[in-house]
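Values in this text are rule-based calculations from the coordinates and carry no lab data. Keep in mind that what you see is a predicted model, and the values were worked out from it rather than measured. Because the Cβ atoms are built from the backbone with ideal geometry, glycine has one as well, and the counts that use them run over all protein chains shown.
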Ligand SMILES: Cc1cc2nc3c(=O)[nH]c(=O)nc-3n(C[C@H](O)[C@H](O)[C@H](O)COP(=O)(O)OP(=O)(O)OC[C@H]3O[C@@H](n4cnc5c(N)ncnc54)[C@H](O)[C@@H]3O)c2cc1C
C-alpha cells in the first residue's frame, strides 16, 4: 500500500488550486481524476468571468471568497502571464422600472467590500456600448475575463514543480478511516490502495457521490445534490461588444448575459434548466428564448447569428424553490473526521474564488494537524 500525505479528488479548478497550495507548503500531494485530462467538467463549461463579488449575500462564503479570490486571481494571472482582461461589466436597466433594482447593486456590492461600482446614464452607456439599448446601467470596473484552461494548466504546473502528482482515468471506490489516516481505494487505470492523512473531496458535480463512499461519515452531513443546466449560444459574425453586458438578474440565475472570450468572440448565456442527472446535451429548442432575452438589450441581433455553443451544469445543493445555498466546505468541526474536507455546491463564483478557497482549505488542514 502506498502512503501519501494528501489525496485530492478532482482535477477541476478547485482541486488544482488546493493541490497547488498544499504542494507549495511542502506537503506530499496526489490528485485523483476520473477523466483523462484536467478540467473537463464545470471548470471548462462556464462563463470564464472573474466576478467582482456583487450579488452574493453579505458575509456569505461566496461573497468573502469571491472578493478575496478576485484579488488573488488577478495577481496570479499577472505573475504567470495567464491570458485575462479587466473588461468591466455593465448591468443594464432596459426599462425604467428596472433602474431601482440595478442601482441597488451599488449598495449590495458595497456590503461585500466592493466600492467601485458607478451609475452610468443612458448616453454614457451608449458611448461604451453603442449597440446596447438601455435606460442606464451600473458599471463594475473590476469584473474581467480569464482563459480558464491556461489558468488550470498553470496551477497543475505549479503543483508538479512542487513535487505533486496527478493520476487520470482513476476514480474513487471507497474511503475508510483507519486510526488517524484514511485508506483510499481507487478503480480504473491506477487501481490502488493508498494510506493518506488528508483527503480533500473536490469532485464538483460528483462531490455528494464521493462523500457517500466515505465509511463512518454521518450521512446527514451530505447535502442533497441538484443539477441546473446552462446553455450558451455563440455569436456568429462581428462582435459589437467590448464589455460584459448583463441584464437584471432573475431568480436563481444572472440572466442571459453576453461575455467575451480572450479571442474576442461573444457568447450568450447561461440560461437555467433543472435536470435530474448529469447530461451535457444541447437543447436547440431554447433558441427563441435566448433570442427574446438578448433583444431586450441588443435590439439589432438577428436570430440566425445565434449558434449552439456548449452547456454546463451548476453543482447545486439547494433546489428550485429554495433560496440559493452558500458554498459548503466541511471540515472536522462539521463531521468530526480529522483530515477530511468535503467541498459541496461550488457553483459560481467558484472559478473566481478558487485561490481563496485553496487558502481557506490550507488553513483548515493546518489547524487539524
Ligand atoms: C454555467 C456555469 C457558469 C459559471 N460561470 C462562472 C464564472 O463566470 N465565473 C466563476 O467564477 N465561476 C463560474 N462558474 C462556477 C465555476 O465554473 C465552478 O465553481 C468551478 O469550475 C468548480 O470547479 P470544481 O473543481 O469544484 O469542479 P469541476 O470542474 O467539476 O471538477 C471536479 C472534478 O472532479 C472529478 N471527479 C468527479 N468524481 C470523481 C471521482 N469519483 N474520482 C475522481 N475524480 C472525480 C471530475 O471529473 C472533475 O474533473 C460557473 C459554473 C457554471 C455551471
Query raised in the report: Among 80-92, 160-172, how do they line up from the highest to the lowest mean number of other beta-carbon atoms within 10 Å?
Result: 80-92, 160-172
Query raised in the report: So what is log10(I(q)/I(0)) for the stretch 183-256 at q = 0.11, 0.19 1/Å, when the Debye sum runs over its Cα atoms only?
Result: -0.58, -0.94
Requested in this report: Please work out the C-alpha center-to-center distance from the stretch 220-296 to the stretch 305-349 and express it in whole Å.
Outcome: 18
Query - Value in Å of the Kirkwood radius, where the stretch 220-369 supplies the Cα pairs that are averaged - result: 17.5
**Report entry** More than 24 Å apart - percent of Cα-Cα pairs taken over the stretch 193-301
**Finding:** 45
Requested in this report: Give the Rg/Rh ratio for the stretch 251-311, taking Rg as the radius of gyration of the Cα atoms and Rh as the Kirkwood radius, to two decimals.
Outcome: 0.96
Query - Burial order of peptide ranges 336-344, 126-134 (average beta-carbon count within 10 Å, highest first) - result: 336-344, 126-134
Report task. Please work out the Cα center distance from the stretch 80-96 to the stretch 1-59, rounded to the nearest Å. Result -> 25
Query raised in the report: How big is the C-alpha Rg of the stretch 310-369 next to the rule-of-thumb value 2.2 N^0.38 Å, as a ratio?
Result: 1.28
Query raised in the report: Hey, can you rank 286-294, 225-233 by average C-beta count inside 10 Å, highest first?
Result: 225-233, 286-294
Requested in this report: Would you calculate a helix-derived [θ] at 222 nm for the chain, using -39,500 (n - 2.57) for each DSSP H run of n ≥ 4 and dividing by the full residue count, to the nearest 500?
Outcome: -8500 deg cm²/dmol
Report summary line: Over all Cα pairs of the chain, the Kirkwood radius sets Rh, and Rg/Rh then becomes 0.99
**Report entry** Of every Cα-Cα pair in the stretch 76-119, the percent that sits beyond 14 Å
**Finding:** 61
**Report entry** Label-point separation in nm, residue 161 to residue 75, each point 7 Å along Cα→Cβ
**Finding:** 1.7
Report summary line: Per residue, the convex hull enclosing the alpha carbons of the stretch 277-336 has a volume in Å³ of 157
Query raised in the report: Out of the DSSP beta bridges found with both residues in the chain, what percent are antiparallel (nearest 5)?
Result: 70
Query raised in the report: Against the longest principal axis of the chain, how steep is helix 61-80, in degrees 0 to 90 to the nearest 10, with axes from Cα atoms?
Result: 90
Query raised in the report: Reported to two decimal places, what Rg/Rh ratio describes the stretch 97-192 when computed on Cα atoms with Rh from the Kirkwood expression?
Result: 1.30
